[in-house]
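The values are calculated or read from the model by the stated rules, or taken from the named source; none is laboratory data. A quick note: this is a predicted structure, and the numbers were derived from the prediction, not measured. So basically every Cβ, Gly included, is an ideal-geometry build from the backbone, and we count neighbours across all protein chains shown. Keep in mind that these areas ignore ligands, DNA and RNA; they rest on the heavy atoms of the full protein, side chains included. Shrake-Rupley method; radii C 1.70, N 1.55, O 1.52, S 1.80 Å.
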Amino acid sequence: MIGIALLGSTGSIGRSTLEVVGRHRDLFQVVALAANRRVDELARQVERFRPAAAVVADTAAWDRSGGSPEASEARWTSGREEILALTRRPDVDVVVNALVGAAGLEVTLAALEAGKRLALANKESLVAGGPLVLEAAARGGGQLVPVDSEHSAILQCIEGSPRASVGRLVLTASGGPFRGWNPERLRDVRPGDALRHPTWEMGAKITVDSATLANKALEVIEAHFLYHVPYEDIDVVVHPQSIVHSFVEFVDGSVLAQVGMPTMELPILYALSYPGRVADRALRTFDPVRFSPLTFEEVDEVSFPLFGLGAQAGRRGGLAPAAFNAGNEVAVAAFLEERVRFTEMPDVVAGALAAVPPGEPRRVEDVLEADRMARAAARAVVERLSRVETRRGS
Ligand SMILES: NC(=O)c1ccc[n+]([C@@H]2O[C@H](COP(=O)([O-])OP(=O)(O)OC[C@H]3O[C@@H](n4cnc5c(N)ncnc54)[C@H](OP(=O)(O)O)[C@@H]3O)[C@@H](O)[C@H]2O)c1
């Protein structure tokens, strides 16, 4: 039986993980669940999966909720430290990090330091603290297995091949809801438009990231750290059907791709069972005729400049990816609150990137400091832009 700590259980990846685990109760046991503030939903999950522990990260939300449900057998606690403690439990084999944003960094580091398998959905932690994450895995003996469908695809293609045989990675991108739009048309995009993704159902932050293509820049950086491939050998191609999840080109010119329905349940199951495969009838729905034709296009970096900004931050290295990520989190929140326009998000992120001096992250505090500086600079740009907009509106 594989013991699972699912952190971020009330989110999109969290719920999909529970769907998968619920179909395979003979293989997986939910040992711990954690969420930020949706206590009621967490309580329903606890009732269904009966974990030993449940943690609410936000102590104010926990206090408001009036404490643990009477009938619960789980040990309920609250706070960030309690979440980190879950990663060290001896009955936990796999930690699923399904938190959103750089808030997931400490979980990623703690799970790897504790020698666990980390099923990583929270790409932001690897982007912000890449070198530290790899060091934590080497020190603690933890194993990093991606949940992102593109990176899972790459893992499935390269499994068993020597690193030297891999020539190039080609990540696929759906192109988001605004594929083919020009900057003029994008200017008036509202949050509701950006939250409607054509092929994937996901949490709000990653859905906006998919619309701006910031998500694909985060994924390029994620691929660099996961597979030790230089940036010049990582390409991105737009594939609107989201059926080919990525390609790997080997040094002899042979290309492998992993193909399947756009569901996160498959990469989640693979991350939980890696390197084995678990039979799952519910996921065997692929039909090549229904999904033909499959098409591929170049990324439009003019309409979607966050892609280029993020890829540049990756190449710059050091603390730049952490700054890009933090600036992007501020930009997404400001866009969702309608404080900046869709087309102003790159200005917010550029402000964050400019505020962080060059330097390598040597300790987690370096990343947290870069994150703090980048957020402060990004918020200043948001303030300036929203004042301009208010003046225009009045
Ligand atoms: N959704 C997808 O299909 C998909 C695909 C690939 C990769 N990913 C990545 O997976 C991660 C999660 O995405 P998502 O779409 O599942 O996000 P989501 O729906 O917004 O869910 C986020 C989860 O994390 C919890 N959470 C947020 N901040 C937290 C904190 N500080 N401490 C503890 N828990 C916290 C939330 O709790 P509350 O519900 O209580 O707020 C929720 O359970 C992201 O990094 C995303 O990029 C997602």
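In loop segments of the stretch 328-394 as defined by DSSP, the GluC sites (Glu not before Pro) with at most 14 further C-beta atoms inside 10 Å of their C-beta are E337, E338.
In whole percent, and with a 1.4 Å probe on the protein chains, what portion of the accessible area of the stretch 307-378 is carbon and sulfur? Let's see the in-between values first.
Working: 1460 of 2800 Å².
The value for the stretch 307-378 is 52 percent carbon and sulfur by accessible area.
Shown in residue order for the stretch 143-152 are the 3J(HN,Hα) couplings computed by the Karplus curve 6.51 cos²θ - 1.76 cosθ + 1.60 at θ = phi - 60°: 10, 9, 10, x, 9, 3, 5, 5, 6, 5 Hz (x for Gly and Pro).
Distance between the pseudo-spin-label points of S161 and R187 (7 Å out from Cα toward the beta carbon): 4.6 nm.
Close amide H partners of D235, meaning residues 5 or more places away or on another chain with modelled amide H under 5 Å apart, are L169, V170, L171.
Once R0 is set to 30 Å, what does the formula 1/(1 + (r/R0)^6) return for the Cβ-Cβ distance between V364 and R277, expressed as a FRET efficiency to the nearest 0.05? Before the final figure, lay out each step's value.
Numbers: r = 35 Å, r/R0 = 1.17.
Between V364 and R277 the formula returns 0.30.
Per-residue ellipticity at 222 nm, computed for the chain from helices alone with -39500 (n - 2.57) per DSSP H run of at least four residues, works out to -14500 deg cm²/dmol.
Between the residues P361, A35, A173, the greatest Cα displacement towards the positive end of the dipole of the chain, with unit charges on the Cβ of Lys, Arg, Asp and Glu, is found for A35. For the stretch 205-271, the square roots of the Cα gyration tensor eigenvalues, ordered a ≥ b ≥ c, give a/c of at least 1.5 with a/b no greater than b/c, which places it in the oblate category. Just the protein heavy atoms count here, and of the accessible area of the stretch 57-162 at 1.4 Å, carbon and sulfur take up 48 percent. The calculated FRET efficiency for R315 paired with L134, based on their beta-carbon distance and R0 = 22 Å, is about 0.80.
Extension gain T295-R80, at 0.36 nm per residue separation less the Cα-Cα distance, in nm? Each step should come with its number before you reach the end.
Details: separation 215, 0.36 × 215 = 77.40 nm, distance 4.41 nm.
Going from the current span to full extension adds 73.0 nm.
3J(HN,Hα) along the stretch 337-343, derived from phi through the Karplus expression 6.51 cos²θ - 1.76 cosθ + 1.60 where θ = phi - 60°, amounts to 8, 6, 9, 10, 7, 3, 7 Hz, with x in place of Gly and Pro. Of H239, H197, the residue with the largest accessible area leads and the full order is H197, H239 (1.4 Å probe). Shown in residue order for the stretch 101-107 are the 3J(HN,Hα) couplings computed by the Karplus curve 6.51 cos²θ - 1.76 cosθ + 1.60 at θ = phi - 60°: x, 5, 4, x, 4, 5, 5 Hz (x for Gly and Pro).
Between rounded, prolate and oblate, where does the stretch 294-394 land on the alpha carbon gyration tensor, with a ≥ b ≥ c its root eigenvalues, rounded for a/c under 1.5, else prolate if a/b exceeds b/c? If you can, show how the numbers build up before the last one.
Working: a/c = 2.50, a/b = 1.16, b/c = 2.16.
Cα axes put the stretch 294-394 in the oblate bin.
Annotation for H228 and R384: the two label points, set 7 Å from Cα along the Cα-Cβ direction, are 4.2 nm apart.
Computed over all pairs of different Cα atoms, the Kirkwood value for the hydrodynamic radius of the chain is 21.5 Å.
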